[in-house]
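What follows is a short report on a single structure.
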Amino acid sequence: MTETPLTIWEQAKLQGYSRRDFLRFASWLAAMAGLEASGVGQIVKAMDTKPRIPVVWFHFQECTCCSESFIRSSHPIVADIVLDKISLDYTETLQAAAGKQAEEALHATMTKYKGEYLMLVEGSIPTAEGGVYCCIGGRTAQDIVMEAAAGAKAIVAWGSCASHGCIQAAKPNPTSATPVHKLVSGVPIINVPGCPPIGEVMAGTIVHILAFDRIPQLDGLRRPKAFYSRRVHDTCYRRPNYDAGLFVESWDDENARRGYCLYKMGCRGPVTYNACGVMRWNNGVSYPIQSGHNCIGCTEESFWDNGPFYRHLASFPGFGIESTADTIGLTVGAATAVGLAAHIVATNLRKGKKINEEIKEAAKSDAKGGA
């Protein structure tokens, strides 16, 4: 704790990475963050010269899937350097210290780097019964959060638990599970929702803060726009089937084997903002829709209470240009089939009108040619 922190490049060299490996890593991060080529130089300079950000990483009401996702990012330096090294100050899942030593490490970081450390939170914070449902070292999660937040440079809420409350906050929410942003004010808060978030999204968020010394541009739900500005539907390879009205009717039917759209099976891709279809999981191998399962909308608020995952909710908020499929006299859930039919009919009518117009134009051309 008394030594000057190494830069990420210095730490990478100690871990045996070459300069070429390091530059590839910078390019990879720029791509993950949606930066243009000129942004690579800024990332390289930051990781060359700036000391690693002191990090304290807390775990409350959660299953640790966010940490699991992060350390399985497709680039090895993420696990070896960005996660393992910068979070050694305090991370309950990975640290070697325990008990008194762990608490001493936490408070030493918070004291020495007051106003400079990055606070990462995984899990919701229970507030019922004085917060007794989650205690660490004899203190409630809420007390720990408020103390750490007071000296943090910024807070990153990992996953839907810390961002929105998630399953623990499902009705009737007996522990009063609460997301970070509803407890803390006066500190920049970045929500990185998902159950869990994509590892590359987590890495890109941290490196953006390191490289540019500011939080990334956020949307209305405090999510980084670089990763949450497009709907899963927009980049889904099944989208053409949706537009053509080709849907899976039941699990493992012939349409499912053909890779048709999962909208009728409850897919919330059209109303969910995430980078799943672009980045995918497990080193870009797949994502839920590609594996044959519908998107459950895990990056959106209250997704756990918005009805059955296998029935599309017609009035689910955020629907964009395809809203006609869900707003023609529909009620939540009950008239989904009518909405789908309306969408298909409208699509076919538009196509039929265009075809008729082309036929008329062709007839006119033929008539002129004959004259």
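Where a number appears in this text, it was derived from the coordinates with a stated rule and is not lab data. Since we're looking at a predicted model, the values are computed, not measured. Using ideal geometry, Cβ is built from the backbone for each residue, glycine included, and neighbour counts are taken over all protein chains shown.
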Query - Nonlocal amide H pairs with residue 60, under 5 Å, H built at 1.01 Å - result: 122, 123
Report task. Run the quick spin-label model on residue 302 and residue 20: label points 7 Å from Cα toward the beta carbon, then report their separation in nm to one decimal. Result -> 5.4
Query raised in the report: Considering the alpha-carbon set of region 8-227 alone, what are its Rg and its Dmax in angstrom?
Result: 16.9, 54
Requested in this report: Note down the net charge around residue 64, summing +1 for each Lys or Arg and -1 for each Asp or Glu among other residues with Cβ under 14 Å from its Cβ.
Outcome: -3
Query raised in the report: For region 201-209, in order, what is each residue's ³J(HN,Hα) by Karplus, 6.51 cos²θ - 1.76 cosθ + 1.60 with θ = phi - 60°, in whole Hz (x at glycine and Pro)?
Result: 5, 5, 5, x, 5, 5, 5, 4, 5
**Report entry** Order of 175, 235, 299 under a 10 Å beta carbon neighbour criterion, fewest first
**Finding:** 235, 175, 299
**Report entry** residue 128 versus residue 246: modelled label distance in nm, points set 7 Å from Cα along the beta carbon direction
**Finding:** 4.8
**Report entry** region 198-316: C-alpha gyration tensor shape, a/c 1.5 cut-off, then a/b vs b/c
**Finding:** prolate
Report task. Using R₀ = 30 Å, calculate the FRET efficiency as 1/(1 + (r/R₀)^6) where r is the Cβ-Cβ separation of residue 182 and residue 101; round to 0.05. Result -> 0.40
